[in-house]
Amino acid sequence: MQAYWILPNREQRDDILASDGEKIFPLRQILEPTVRPQGFSHGVPTELLEKCGTKQLAQIAFAQRFPDWNGSKQLFLVISPAGADSSGRVVHLGLLLILEPHEAPSFDLTYVGLSEEDQSYARALSRRLAAPRRGDSWADSVRELSELPSRRGPATNVELQRSVVPFYSLYAAGPGGLTKKAPAWTKLGARSTILLILVAALGIWLSERSCQHSPQPLGWNAVEP
């Protein structure tokens, strides 16, 4: 596994910086723009920031998974807000993992080479993912994404509705936090059940109408002598 921090762009540089925990260098040295998968994000998507609001801002941990990238390798990315720049714009810290086939992510990465400010955010994110606290649904969703079968294809821990790339997702986000999405087969089963109920109700209604309009037997109202 190769692991790197994607550093907050506090100076609004043209070059996004990365670090292996000790040295700092341009992100393009390890992940050129031409080989980055479509939909790859350098920060928490704006739609998530809007949905969650300021109260949820510090809790957000957005993750992406790209299986079968660059052959059989896999990209796994976790991004979290890391304060703001001088203009008040939210900046983000990312943890980028390049995994070999069937290799599991590890979230314990050194950060001694980062600035003091970035170290505090890196330390918090690393500890949060390595040993999630009870009730931390964002951290739990990241770990669930890391255990997702590769056959699901590109996936995110939280649903994106405005993404130009379709991602399989595990949770939906809102002002109250995360909500686990029902599996596709559950939704299909529920729709099938509703359809069967409607068909059965229609059958009963047609049967009753048929009985009401059926011809009466001869002599039904006749009075016996």
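The values are calculated or read from the model by the stated rules, or taken from the named source; none is laboratory data. Not measured: the values here are computed from a predicted model. Neighbour counts run over all protein chains shown; Cβ positions are idealised from the backbone, glycine included.
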| query | Does the stretch 166-177 contain at least one residue that is under 25 Å from Gln12 (Cα atoms) and of a type in the set (A, V, I, L, M, F, W, C)? | reply | no
| request: Go through Phe40, Phe107 for me and flag whichever is touching a strand residue (DSSP E or B) at 6+ places or on another chain (Cβ under 8 Å), in contact (Cβ under 8 Å) with a residue 24 or more places away in the chain, over 20 Å from Asp140 (Cβ atoms) and among the hydrophobic types (A, V, I, L, M, F, W, C). | output: Phe40
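Every residue, every condition in (1) under 21 Å from Val164 (Cα atoms); (2) among the polar types (S, T, N, Q); (3) modelled with pLDDT of 90 or more, yes or no:
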| position | (1), (2), (3) |
| --- | --- |
| Leu17 | no, no, yes |
| Lys23 | no, no, yes |
| Gly53 | no, no, no |
| Phe76 | yes, no, yes |
| Ser86 | no, yes, no |
| message | One residue is enough: does the stretch 102-109 have a residue meeting the conditions surrounded by fewer than 14 Cβ atoms within 10 Å (Cβ to Cβ), on the phi > 0 side of the Ramachandran plot and not hydrophobic (A, V, I, L, M, F, W, C)? | response | yes
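Conditions (1) among the charged types (D, E, K, R); (2) in the same structural domain as Ser80 (by TED's automatic domain parsing); (3) touching a residue at least 40 places away in the same chain (Cβ under 8 Å), marked per residue:
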position: Arg10; (1), (2), (3): yes, yes, yes
position: Leu17; (1), (2), (3): no, yes, no
position: Gly21; (1), (2), (3): no, yes, yes
position: Ile24; (1), (2), (3): no, yes, yes
position: Arg28; (1), (2), (3): yes, yes, no
position: Pro33; (1), (2), (3): no, yes, no
position: Val44; (1), (2), (3): no, yes, yes
position: Leu48; (1), (2), (3): no, yes, yes
position: Cys52; (1), (2), (3): no, yes, yes
| message | For the stretch 1-51: of the residues being among the hydroxyl-bearing types (Ser, Thr, Tyr) and under 17 Å from His92 (Cβ atoms), which is surrounded by the fewest Cβ atoms within 10 Å (Cβ to Cβ)? | response | Thr46
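Among the candidates Asp140, Asp136, which residue alone is under 12 Å from the mean Cα position of the chain (by Cα) and either surrounded by 12 or more Cβ atoms within 10 Å (Cβ to Cβ) or hydroxyl-bearing (Ser, Thr, Tyr) (or both)?
The unique qualifying residue is Asp140.
Given the structure, is Phe62 modelled with pLDDT of 95 or more and either aromatic (Phe, Trp, Tyr) or at positive phi (or both)?
Numbers: modelled with pLDDT of 95 or more: yes; either aromatic (Phe, Trp, Tyr) or at positive phi (or both): yes.
Yes: the conditions hold for Phe62.
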